[in-house]
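The values are calculated or read from the model by the stated rules, or taken from the named source; none is laboratory data. What you are looking at is a predicted structure, and each value in this text was computed from that prediction instead of being measured. Every residue, glycine among them, receives a Cβ derived from its backbone with ideal geometry; neighbour counts consider all protein chains shown.
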Amino acid sequence: MAEGLIQPRLDEEEMEDLGSEYFRNLLSRSFFQQSHGINRCERKLSWTHLVIEKKIESRFVMHDLINDLAQSVAGDTCYRMEDKHGNIPIKARHSSYLGSQYDVTKKFEIFTKFTSLRTFLPLMLPEPGDCYLAHQVPFELVPTLRCLRVLSFNGYNIRELSDSIGDLKHLRYLDLSKTQIRGLPKSITTLYNLQTLLLENCNRLKKLPSMLCNLVNLRHLNIEGAYNLEGMPTQIGKLTCLQTLSNFVLEKDSCSGIKELGPLKHLRGNLCISRLENVVEPKDAKDAELIKKAKISMLSLGWSWHIDESKDRTSELEVLNGLRPHDALTKLVINNYGGTKFPNWLTSPSFSHMVYLILNNCRKCTSLPPLGQYWPSLKTLWIKGMANVKSVGSEFCGCNLETLHIHDMEEWENWSPCEEFPNLLELSIRNCPKLLGKLPNNLPLLNKVVIHGCAQLVVSLSFFPDKCKFYIENLRGLLMIGVVCGCKVTFKSIKFSKSLSPISDMEGLAELEELSIRYCEELTTLWSDKVGSLPHDLPILDSLDISHCRKLVSLVAEEVDQEHLQLRITSIDIRDCIALESLPKALMYNNTCLQSIVIHNCDSLTHFARSHLPPTLKMLIIFSCRSMRKLVEDDNNDTNNTTTCSSGITSLLEVLQVRNCPSLESLTASGELPTTLQRLYIQNCPKLESVAKSFQHNSFLTNISFDNYENLQFLNGIHNLTSLRDLKIKNCPSILSFPKEGFPTNLTTLEISHLKITEALFDWGLDNLTSLNELEICGCQHLVSFPEMTLPASLTSLYISEFSNMECLSSMGLRKLTILKTLKISDCKKLTCFPEDGLPPSLLQLYISSCQKLMSLPKNGLPPSLLELRISNCQKLISLPKNGLPSSLQRLLIDKCPLLEERCKKDQRGERRRIADIPCVRINGKYLYETETEE
């Protein structure tokens, strides 16, 4: 449309219909193919404030052979930056490029050659965060492209548009969706050829230009997701060509009332009318003439949530009556309606195409409309927040419902459903606390049931059809998840909350896979011989999760014969059970499947196991067990193999993590770690004297981390750990020196922080670590210059912190770091300058923090490849480099640097000009170009 390629053959034929016909023909001839890899169900928060699922089916791709043919035919008229960078086709009319998270000015220099460009189209790929565009692109480059017909900034974090956009007189398509703009420039209303204006998900947009009615050729205005929009511009009814108007927001005391919808006779697709409380005269609603708009397929009508309930809202019925839609409507949403009954048209049999209905928060209505009698095509029905409805009878009988959701019905007491819902696939009832009675008992196609917060409802599982999955929270906090197989009910997951309900007589627990018990304050044991205990035979139970059971002493009572407990649990997680004293033999030793145990905040545990741990255990994590003295307690009565006893820990253990155990004195009696151990983490265990006598038998260790370990003195044999890749030693004041043999030469990450090491860095042997990629050193007080020694040339990341006497960086030491990517310098209070030779040219990220005396950045400029520069709390830093910042720079963050901030804001000595090419500039947490408009 924007390129003028679609010309209607008949006077009454719409371009959109003809274009859709063309596309369908091309699709049928395999010119395009639907991309099944991109299609998905996207959960959107709509104007209804309900989460709905919107299936994305509009993604198509072109086969490689067809793509090659299209490119050949297009020749030099189409330019893709990724394909022809450096080869400038002067005749190019249409351009596209793959947008990235940070697009700098340099990327777009080639566009200055395209004086006749008609299309500027970024193709945005999914990014983990926001996407940024250099300020100069929309403000200086794009306004020079005077022939543009198609312009898109979709997905970029731009805050405003230049007034000069009004000079693009040929513009027909403008996409600003997912940007951060707060308003549009007035000059946009002079783009008289504009056909499409897309503002979807512009959640900061508050107003549209008051003279938007000048855009007489506008056909599509999409403002879906612009939740902060306060109203519509005046005389919007003059835009008689409009086909798409996603939202019509009524503003209080505005001249743009509901009657402005009347002249818009060609509206189609989705229309959401919100803030209907601002309709001045209820009779004006009829003048919107929705009944004549046959091409509207989905209609949402809503009042605001915050209306005072004591206010007289009887006029809302007249408003809703006046907004009767055309009979062809297929989807209807009514939100926050304040009338006591629904209009008559809601039960009109003429709506034979209606398949989807939401009635949300219509709190004063006392009954539901008899939809089943009049809307036999209805497939999906959501009813939510109708607080005054007490009884539901046969209202749905006759419907061919496939999905029925009834939520938040506070006073609903009785449901006398018709006997059959022959097509129902999904049933959800949530937060209906007074509901009594039973569910419908003839649901042959039902495959999913969700019951939540309906404590009085009787749920008969035998009525569920074969293969039906159920999620039921009932019986004072019991959540059951399972499936019906033939005549058998199989529970897959059960969660108890607040009380352990009797379930021992339930069938189907033999298939239980997940068991969760939380906040059962009176629970003292799980398995016992008493009535109400868990069954002793749970053969495929895989996961056990227990938390906040403050009186739980033991999982298995003393009278239970643990040899007969049939358990195959692989994962145990126990948290905040402060009375728990021990773990049972049935779980620890009779269980041949156990692989993972996590224990957190169980203060009565004095030890974890006796003699040895479970033979199959691979991961053990213990947090905040204040009374634990030993992981493995000696057991004089143990008759196991002496080798197993002396090792203390099973030889299959791969991960051991112990944190915040202030009473812990030892890990094993033998002083040796299991030979299979791969990762070891010890933190905040002040009484622990030794982890191991030596590491000579732990060749599989890959990660070691010691943090706040006051008694750690020696690292004997650490040089023998040939598999060790990651070593972190922090806040271990008893370590006064490193082993003479040095560190393992195959280390890739080394972090040394706050140790009382007396030897100089020269003696650490860092130059021997030829595989080292990341080095962090914190708290070296004696260094005046760094690095004075040779660092490994393999370094890609270097972080130095709290070098309180360091005055400068050594150019000689840094020069050899030819592949360094990240440099972080923090809390070096005497640092005044950078080396004259500059920093390694390979540097991508530079972070400078809390260097109080630093006055300038490298005089010869920053590395040409630098992507990110962060500067914080450098009180005396005056300016950025005089010769500018590298054109590669994508992100600049300045925080608590008052002198530098002032110069950037006031543009002293051209500081602002130097940073105009950078896509993302933030000063004290605010984007540079939003400070004037938002402060």
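Brief remarks follow.
- Of Glu260, Glu230, all but one fail to be surrounded by fewer than 20 Cβ atoms within 10 Å (Cβ to Cβ) and not in a strand (DSSP E or B); the exception is Glu230.
- Selection count where residues are out of contact with any Phe, Trp or Tyr (no Cβ under 7 Å at 6 or more places or on another chain) and either surrounded by 17 or more Cβ atoms within 10 Å (Cβ to Cβ) or not in a loop (DSSP other than H, G, I, E, B) (or both), scope the stretch 659-682: 11
- When the stretch 182-199 is filtered for residues that are modelled with pLDDT under 95 and closer than 22 Å to Thr244 by Cβ, only Gly183 remains.
Here is a yes/no grid of residues against (1) in a loop (DSSP other than H, G, I, E, B); (2) within 15 Å of Ile334 (Cβ to Cβ):
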position: Leu267; (1), (2): yes, no
position: Glu277; (1), (2): no, yes
position: Val280; (1), (2): yes, no
position: Ala285; (1), (2): no, yes
position: Ala294; (1), (2): yes, no
position: Leu301; (1), (2): no, yes
position: Ser304; (1), (2): yes, yes
position: Ser310; (1), (2): yes, no
position: Leu320; (1), (2): no, yes
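- Filter result for Ser274 (more than 18 Å from Gln195 (Cα to Cα), surrounded by 21 or more Cβ atoms within 10 Å (Cβ to Cβ) and among the hydroxyl-bearing types (Ser, Thr, Tyr)): yes
- Val137 fulfils the conditions (1) under 21 Å from Lys178 (Cβ atoms); (2) among the β-branched types (Val, Ile, Thr); (3) touching a His at 6+ places or on another chain (Cβ under 9 Å) except for a single criterion, (3).
- Looking only at the stretch 772-793, and only at residues there that are in a loop (DSSP other than H, G, I, E, B), of a type in the set (S, T, N, Q) and over 35 Å from the mean Cα position of the chain (by Cα), the one that is nearest to Lys730 (Cα to Cα): Gln781
- Residue count, the stretch 340-371 (criterion: within 18 Å of Met409 (Cβ to Cβ) and not charged (D, E, K, R)): 15
- Of all residues in the stretch 812-828, one or more are without any contact (Cβ under 8 Å) to a residue 12 or more places away in the chain and either under 15 Å from Leu775 (Cβ atoms) or not hydroxyl-bearing (Ser, Thr, Tyr) (or both).
- Test for Leu653: is it buried (at least 17 other Cβ atoms within 10 Å of the Cβ) and at pLDDT 90 or above: yes
- Flag for Leu900 being part of a helix (DSSP H, G or I), in contact with a strand residue (DSSP E or B) (Cβ under 8 Å, 6 or more places away or on another chain) and of a type outside the set (D, E, K, R): yes
- Within the stretch 848-859, being within 38 Å of the chain's Cα centre (by Cα) and not hydrophobic (A, V, I, L, M, F, W, C) holds for Ser849, Ser850, Gln852.
Residues checked against (1) touching a Ser or Thr at 6+ places or on another chain (Cβ under 8 Å); (2) in contact (Cβ under 8 Å) with a residue 60 or more places away in the chain:
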residue: Arg204; (1), (2): no, no
residue: Arg219; (1), (2): yes, yes
residue: Glu230; (1), (2): no, no
residue: Pro233; (1), (2): yes, no
residue: Lys238; (1), (2): no, no
residue: Leu242; (1), (2): no, no
residue: Glu251; (1), (2): no, no
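- Residue check for Gly155: on the phi > 0 side of the Ramachandran plot and of a type outside the set (Lys, Arg): yes
- Within the stretch 860-877, considering residues that are over 15 Å from Leu831 (Cα atoms) and either not in a strand (DSSP E or B) or not assigned by TED's automatic domain parsing to the domain that holds Leu892 (or both), the one farthest from the chain's Cα centre (by Cα): Asn860
- The set of residues in the stretch 333-367 being buried (at least 20 other Cβ atoms within 10 Å of the Cβ) and touching a strand residue (DSSP E or B) at 6+ places or on another chain (Cβ under 7 Å) consists of Val333, Ile334, Asn335, Asn336, Met354, Leu357, Ile358, Leu359, Asn360, Asn361, Cys362.
- On the stretch given as the stretch 688-727, residues that are under 23 Å from Pro662 (Cβ atoms), assigned to a loop (DSSP other than H, G, I, E, B) and under 41 Å from the mean Cα position of the chain (by Cα) total 6.
- Pairs with Cβ under 6 Å, 6+ apart, first in the stretch 526-549 and under 14 Å from Ile574 (Cα atoms), second aliphatic (A, V, I, L, M): Leu526/Leu534; Leu526/Leu555; Leu544/Leu515; Leu544/Ile569; Leu544/Ile572; Ile546/Ile517; Ile546/Ile574; Cys549/Leu523
- Any hit, the stretch 636-650, residues being part of a loop (DSSP other than H, G, I, E, B), at pLDDT 85 or above and within 24 Å of Leu538 (Cβ to Cβ): no
- Considering only residues in the stretch 814-847 that are within 19 Å of Gly779 (Cα to Cα) and crowded, with 17+ Cβ neighbours inside 10 Å, the one that is nearest to the chain's Cα centre (by Cα) turns out to be Leu823.
- Test for Asp917: is it modelled with pLDDT under 90 and under 16 Å from Asp103 (Cα atoms): yes
- The test for being at pLDDT 85 or above and of a type in the set (A, V, I, L, M) holds for Leu839.
- When Cys602 is tested against the conditions (1) in contact with an Asp or Glu (Cβ under 8 Å, 6 or more places away or on another chain); (2) not in a loop (DSSP other than H, G, I, E, B), the lone failure is (2).
- Only one of the numbered conditions (1) surrounded by fewer than 21 Cβ atoms within 10 Å (Cβ to Cβ); (2) in contact (Cβ under 8 Å) with a residue 24 or more places away in the chain is violated by Ala285, and that is (1).
- Criterion violated by Ala328 - all others in (1) assigned to a loop (DSSP other than H, G, I, E, B); (2) in contact with a helix residue (DSSP H, G or I) (Cβ under 8 Å, 6 or more places away or on another chain); (3) of a type outside the set (Phe, Trp, Tyr) satisfied: (2)
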